[in-house]
Amino acid sequence: MKTRLSWRELLFIGMMLFGLFFGAGNLIFPVFLGQQAGYNVAPAIVGLLITGIGLPLLGVTGIGLTRSEGVFDLATTVNRPFAYAFTVLLYLTVGPFFALPRLATTSFQIGLAPFVSPAHQGVVLASFSILFFVIAWWLARNPGKLMTYIGKWLTPIFLILLGLLILATFIKPMGGFHFPARGAYAASPLATGFTEGYNTLDALASLAFGIVVIDSIRALGVTEPGQIAKDVIKAGTISVVLMGLIYTLLALMGTMSLGKFAAAANGGITLAQIANQYFGVFGNLLLALIVIIACLKTAIGLISAFGDTFHAMFPRLSYAGLTIFASILPCLFANVGLTKLISYSTPVLMFLYPLAIVLIVLAVLSPILGTSRWLFGLTMLFTLIPAIFSGVAALPISLQRANWSRAILALNQQLPLATQGFGWVLPAAIGLVLGWLVNQLTHLKSN
């Protein structure tokens with residue numbers, strides 16, 4: 001039995017975790033942010049990095065500090081009904097309902113759509129989705145091989161290819177950073193960048209991928225819980241430092257692209273334009289490889305994590321059957337289209353993210369505040385209602401006009417920071433203080 005991982009093994013696990021994180025949203029959203037933020041790109045990047053790398057690092061750290069087996073184990077600190085509901089919704093969101101289909105759609109729209117006539121894109125997208133998820137499912141069948149597939153092979157190839165594109169944009173930039181900001185980025189770029197970081201799904205993914213990292217460390221022979229916790233945190237640090245660097249470069253690349261192109265509906269379109277601008281037809285091929293590899297490695301990890309977690313929660317469901325389910329369903333949803341998928345997922349993300357952030361913060365503070373049910377339970381209860389409000393506020397305009405949603409929106413506007421998307425912060429803080437006080441009083445009475 002090994003007592004700790006070597007730095008080489010830690011590097012591979014860190015690369016694997018980076019590879020798991022860095023998929024569709026991580027490519028398209030920083031570029032889109034850069035275009036929208038214009039001359040406010042610097043504070044927008046700071047906001048993005050807080051949710052894009054800060055929260056994922058805290059998520060991985062929280063799982064390490066609490067020595068949890070994964071998100072379900074961590075969420076049981078609140079109570080088991082919450083743990084089941086939160087974990088199922090989390091994995092469906094980062095799995096077959098939203099994140100997984102977005103991976104295939106992004107791969108197609110950015111990588112292959114430029115080579116396909118509009119009349120045939122529907123058929124080609126369907127065919128590509130089937131092939132994409134067959135490969136992802138095949139490589140996810142053996143979770144013990146994920147570090148080799150993703151950490152040693154796919155991620156290094158991805159970094160080399162993406163590095164070529166980024167290097168070209170900075171050697172011969174298309175423009176500067178003087179372009180006007182658009183929409184919410186003009187008034188509050190930092191807060192908007194923060195909430196835009198939700199769309200990368202990284203904070204949610206840090207909870208979802210915890211079990212994959214822990215299993216990989218155990219597969220290398222480390223079984224002592226304290227050492228596993230330390231290695232999880234070290235691997236997380238390696239991955240998010242690399243992510244932060246690439247996020248920053250991609251956002252700056254998006255801003256500079258305004259010197260040549262108009263702002264696009266999503267970052268995928270802009271990436272295709274940039275690649276074609278610098279490398280012509282070869283640029284489209286290069287970008288196709290970058291995007292397909294990026295999305296494939298994340299899909300492999302999500303399918304494996306979905307199967308692993310649901311099998312642990314519901315032992316009668318086999319890992320093999322769950323991975324098939326997690327491959328077939330997103331294959332169908334992938335044909336909805338990238339822009340529609342993003343719009344459909346936003347209300348769910350705005351509901352889930354406050355709960356995930358608060359759970360992560362509680363986990364990180366557990367060495368100081370402890371893990372009492374009063375503390376976790378009251379904090380999450382006070383977060384739940386404004387999280388529902390946030391989800392309703394992100395619904396399409398047509399749904400916001402309904403009587404029930406207008407009543408909720410009126411209540412939401414009474415909360416401090418609600419207009420910036422942070423209406424849950426003060427209630428969560430109140431719940432945390434109350435939970436801590438009740439826990440302290442309970443201990444005093446028992447003594």
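Below, the figures for the structure above:
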| read-out | value |
| --- | --- |
| Conditions (1) within 15 Å of the chain's Cα centre (by Cα); (2) modelled with pLDDT of 90 or more; (3) not aromatic (Phe, Trp, Tyr): number failed by LEU27 | (2) |
| Those residues of the stretch 80-119 which are small (Gly, Ala, Ser) and over 17 Å from GLY23 (Cβ atoms), in sequence order | ALA83, ALA85, ALA113, SER117, ALA119 |
| Boolean, THR419 is under 21 Å from LEU89 (Cβ atoms) and part of a helix (DSSP H, G or I) | no |
| Subset of the stretch 389-418 [surrounded by fewer than 16 Cβ atoms within 10 Å (Cβ to Cβ) and touching a residue at least 24 places away in the same chain (Cβ under 8 Å)] | PRO396 |
| Failed item in (1) on the phi > 0 side of the Ramachandran plot; (2) modelled with pLDDT of 90 or more, with GLY70 passing the rest | (2) |
| Unique residue being surrounded by 24 or more Cβ atoms within 10 Å (Cβ to Cβ), part of a helix (DSSP H, G or I) and among the aromatic types (Phe, Trp, Tyr) when the list is PHE12, PHE32 | PHE32 |
| Residue satisfying all of: in the stretch 43-70; among the β-branched types (Val, Ile, Thr) and in contact with a Gly (Cβ under 6 Å, 6 or more places away or on another chain); surrounded by the most Cβ atoms within 10 Å (Cβ to Cβ) among these | ILE63 |
| Within the stretch 126-234, helices (runs of 4 or more DSSP H) holding 3 or more residues that are without any contact (Cβ under 8 Å) to a residue 24 or more places away in the chain | 155-171 |
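The values are calculated or read from the model by the stated rules, or taken from the named source; none is laboratory data. Nothing here was measured: the structure is a model prediction, and the numbers come from that model. We place every Cβ from the backbone using ideal geometry, glycine too, and count neighbours over all the protein chains shown.
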